[in-house]
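Any read-out appearing in this document is the output of simple, stated calculations on the displayed coordinates, not a laboratory observation. Note that the coordinates shown come from a computational prediction; the quantities given were computed from them, not determined experimentally. Glycine gets a Cβ as well: all are built from the backbone with ideal geometry, and neighbour counts include every protein chain shown.
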Amino acid sequence: MAMNSSTFLVAARLCVISLAFAGSANLSPALGDKDEARAAALRKVTDEEELTEIAVNDYSPLVRAAAVKRLTNRFVIEKIAVEDDAKDGMVRAAAIAKLSDQDLLKKIALGDETYGKGLSPEVYLHLRTVAVERLEDQEVLAQVALEDIPVETTRDGSIGMNARLLRTAAIEKITEQALLEEVSLEGKAGDTRKAAVQELRDPELLATVMEETKDRDLRDTARAKLTRTLFRAATDGDAATVQLLAKSFAHDLKDANGRTLLMLASESGRADVVEFLLKSGVDVKAENVIQEYVRMPNGAAVYPGPTMTATEVASRFPGSVVVPGRRETALSLTSATAHPEIRELLINAGAETAISLKGFQNGAGPF
């Protein structure tokens, strides 16, 4: 007998629901090989009562978790988040990821034993991490990051790994700079302190961490961040930051390309920074020596050695170009047309207007 379109839709709907319920609690777990297909079938189920029945009673954690992800009933979601009995925590994790109750999320995130009953430490640490990712309270996030979680681990180290993930998740959610400073200085684990420093943006607080910490690795991490911040501030004309960080760094500090703060500020036309650095006594004649090299056809730079000049190297590779060596100074990098006021400042401070290139071509330089 032919079915009309309405009858066909009803039949199809019943088929989907039947597939989703195929593994309900009164059926054998031997049907577990069909769990993925049943979980996928739930994408077409929208009835809240049907989804609740599956989320609460299906034997398969995979299917229950899939049903939870489709639920909208806040009460049911909260109940499953604290009561589901799956040992791997899959279903609870799906429910926690949908929680909006900040008080409940706070209790789980802080490790309230009431919500970890029946779960292994590894699993509960994972559920706490899921809760942290939904949490908004900055103070609580800092509390989690500062927690001294026992260091004992299972054979595969999963407790230690899950503890690290929990603290890192909390740190990544913290936006209040003062709290990040606190975690940087008082975190119980080195990886925790370092993660907090990586998130810390306030240069003054970063400088405090660098100066006060006894952790050498942390101090190096903070110093590296501040060094990048200082060079960027000189280039961008952020005189306030340059003045702040100049208290902690040498004024003639050079970047990875050999350029000083004065060179960067002069080239970028940052008069306020240039004036401050000159008043601070930086060497206005400081040079950045760039050796002659060969630019290969693929863009790579090849520097000549003691037995072969750049010209000889280039002759062996068609299409390569010899790039002459040079000396850079703050003055040579400053445009005479775009920034005449800065050139005047530099010349008045003793900058040399002529730079000798002798000895830096044809492989005869100091390198």
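Numbers for the structure displayed
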{"read-out": "Using θ = phi - 60° and Karplus 6.51 cos²θ - 1.76 cosθ + 1.60, couplings along segment 48-65 (whole Hz; Gly, Pro as x)", "value": "5, 5, 5, 5, 4, 4, 5, 4, 8, 10, 5, 6, 8, x, 4, 6, 4, 4"}
{"read-out": "Segment 267-340: trypsin sites (Lys or Arg not before Pro) falling in loop per DSSP and having at most 15 other Cβ within 10 Å", "value": "K285, R316"}
{"read-out": "Net length gained if the chain between K34 and K214 were fully extended (0.36 nm per residue, minus Cα distance)", "value": "59.2 nm"}
{"read-out": "In Hz, Karplus ³J(HN,Hα) per residue of segment 224-234 (6.51, -1.76, 1.60; θ = phi - 60°; x = Gly, Pro)", "value": "4, 5, 5, 4, 4, 5, 5, 5, 5, 5, 5"}
{"read-out": "Proximal aspartates and glutamates to K117, defined as alpha-carbon separation beneath 13 angstrom and excluding residues fewer than eight positions away on the same chain", "value": "E83, D84, D85, D88"}
{"read-out": "Label-point gap, in nm, between D148 and D47 - each point 7 angstrom along Cα→Cβ", "value": "5.5 nm"}
{"read-out": "Net charge over other residues, Cβ less than 12 angstrom from the Cβ of L277 (K, R count +1; D, E count -1)", "value": "-2"}
{"read-out": "Karplus (6.51, -1.76, 1.60) ³J(HN,Hα), θ = phi - 60°, over segment 327-338, in Hz, Gly and Pro reported as x", "value": "10, 10, 9, 4, 5, 5, 8, 9, 5, 5, 8, 7"}
{"read-out": "Spatially proximal lysines relative to K44 (Cα-Cα < 21 Å; intrachain offsets below 8 disregarded)", "value": "K34, K69, K98"}
{"read-out": "Projected label distance in nm at D283 and E172, using a 7 Å step from Cα toward the beta-carbon", "value": "4.4 nm"}
{"read-out": "FRET efficiency for T353 and D252, using Cβ-Cβ distance with R0 set to 22 Å, rounded to 0.05", "value": "0.60"}
